[in-house]
Amino acid sequence: MVKEYTAFSENELSNNNQPYIPEQPIIEKNKNIHLSVETRLEKILSNWQVRPEPLEIAELIREGLTLEDIIKIGEKNGIEQPKMDITLFEINNMIPYIHKIVDHIFINYPGYKIIFLGRDAEIIYDLFKVKYGTPSVLLPASTSLWKDGKFDNGKLGKVFLETYGINDDVLVNPESKFLLFDSGFRGSIAYFIRRAIISQFSLDDDYVRQKFPIKLVSMIYSKGYGTQLMQFDFEKNFYTNDPFPKVSQVVGYTFQDHEFDTYGCDRFAYRLAMSMQLLPHYHHMCDSILEVDDKIIGVPTRKEISNDVDTIIKNEENADGRNASIVNPVAAIIAQYKVLKSVINT
């Protein structure tokens, strides 16, 4: 049974385009092996609502997927080659630090189920899932889903959380541990998720705070709901060669001009987190929910694509560019490819 909470066309809700239900592997061992890499990538691109799982992209890489394949298949499906030279430069600078982040989580949080908050932390989720394979999930964490209290009351929030592995059994189990992980910068959305857990499962505030600590790539405020995961030792040449020029478009000064940083924070972590937020995404934020076979998942309703993913567009929705939603599924798969290729031996 599919129950619609916002309007989608019948074609978008057809069996061939059902959104992926978390915790169920898209590609099992040897499944779809008879299908060509091209055919499987075309199937991925045909479902604009569903970001491909990292294990699926990793499988395609192992079978010979190349950047040229991604661009060619994108063009074949009506998406021209994205302009992303600056973005690729930032990704190359980012990759070693994404490895440091996932290594730190794996070493310091054994036995935890890691809940990465999407979309901002999705690239970290990708590498963590493929590199370590330990329990983790990408939870839609759009402001429109959580901040307005939509999931505070009624059954929707509970079923939604259960879909992503947060249920009565694990919550009452004293051995179960979770980590809410986001890019930055205060931990507000993670706080709203904890608030929903408290109300939906009738749990004590302190109990949930202890069971769901919040960690961020960058914490820039003295008061917030989380703490920064780690400190970063960055390349000294970043002082002369700005590692994140797209971020500099937004903040208005380069990495070298640290005297303009007003937050008194770890400026490298700050720019690393913002660069992750400005990566191309496969789809717009999940601003709606959809019931599929007694599960509730987050889905996007907007389908606009930006071909130029290097330029930050400032508009009424995004006055300063800091929360730019850059959407291009081909560019997003290229970003996934670049990060996952760093850990996959083909």
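I'd like the Karplus ³J(HN,Hα) series for the stretch 178-189: coefficients 6.51, -1.76, 1.60, θ = phi - 60°, whole numbers in Hz, and an x wherever there's a Gly or Pro.
For the stretch 178-189, the Karplus curve yields 10, 9, 8, 10, 9, 6, x, 10, 10, x, 5, 5 Hz.
For Asp103 and Tyr239, what is the calculated FRET efficiency with R₀ set at 25 Å and r taken between the beta-carbons, to the nearest 0.05?
After rounding, the FRET efficiency stands at 0.50.
Between Gln249 and Arg302, with labels modelled 7 Å along Cα→Cβ, what's the label distance in nm to one decimal, could you check?
About 1.7 nm, to one decimal.
State the extension gain, in nm to one decimal, for the chain segment bounded by Ser176 and Thr143, taking 0.36 nm per residue of separation less the distance between their alpha-carbons.
9.2 nm
Once phi is turned into θ = phi - 60°, what whole-Hz ³J(HN,Hα) does the Karplus curve with 6.51, -1.76 and 1.60 give for every residue of the stretch 201-215, x standing for Gly and Pro?
For the stretch 201-215, the Karplus-derived couplings read 10, 6, 10, 6, 4, 5, 4, 5, 4, 6, 7, 10, x, 10, 10 Hz, x marking Gly and Pro.
What's the extension gain from Gln231 to Asp169 if we count 0.36 nm per residue and subtract their Cα-Cα distance?
Answer, rounded to one decimal: 18.8 nm.
Amide H neighbours of Val327 under 5 Å, counting only residues 5+ apart in sequence or on other chains, H built in-plane at 1.01 Å?
Amide H to amide H, under 5 Å and 5 or more residues apart or across chains, Val327 pairs with His281, Ser306.
Whose amide H sits under 5 Å from the amide H of Ser183, counting only residues 5 or more places off or on another chain, with H placed in the peptide plane?
The answer is Ala121, Val217.
What is the gain in length, in nm to one decimal, between Asp257 and Glu80 on full extension, counting 0.36 nm per residue of separation less the C-alpha to C-alpha distance?
60.1 nm
Listed here are the pairs Lys129/Lys295; Lys236/Lys341; Lys100/Lys341; Lys131/Lys177; Lys83/Lys338; Lys131/Lys338; which of them are more than 19 Å apart at the Cα?
Lys129/Lys295; Lys236/Lys341; Lys131/Lys177
Return the whole-Å distance between the Cα centroid of the stretch 59-76 and the Cα centroid of the stretch 214-237.
35 Å
From zero outward in steps of 5 Å, how is the percent of C-alpha pairs of the stretch 50-138 spread across the bins?
Here the calculated profile for the stretch 50-138 is 3, 12, 18, 22, 22, 13, 7, 3, 1.
Starting at the first residue of the stretch 234-251, write each ³J(HN,Hα) from the Karplus equation 6.51 cos²θ - 1.76 cosθ + 1.60 with θ = phi - 60°, in whole Hz, x for Gly and Pro.
Running phi through 6.51 cos²θ - 1.76 cosθ + 1.60 with θ = phi - 60° gives 9, 4, 5, 5, 5, 5, 10, 10, 3, x, 10, x, 5, 5, 5, 4, 7, 7 Hz.
Under the rule of at least 5 residues apart or a separate chain, name every residue whose amide H is placed under 5 Å from the amide H of Val299.
Asp287, Ser288, Ile289, Leu290
Where a number appears in this text, it was derived from the coordinates with a stated rule and is not lab data. Computed from a predicted structure; not experimentally measured. Here Cβ is always computed from backbone atoms with ideal geometry, including for glycine, and neighbour counts include all displayed protein chains.
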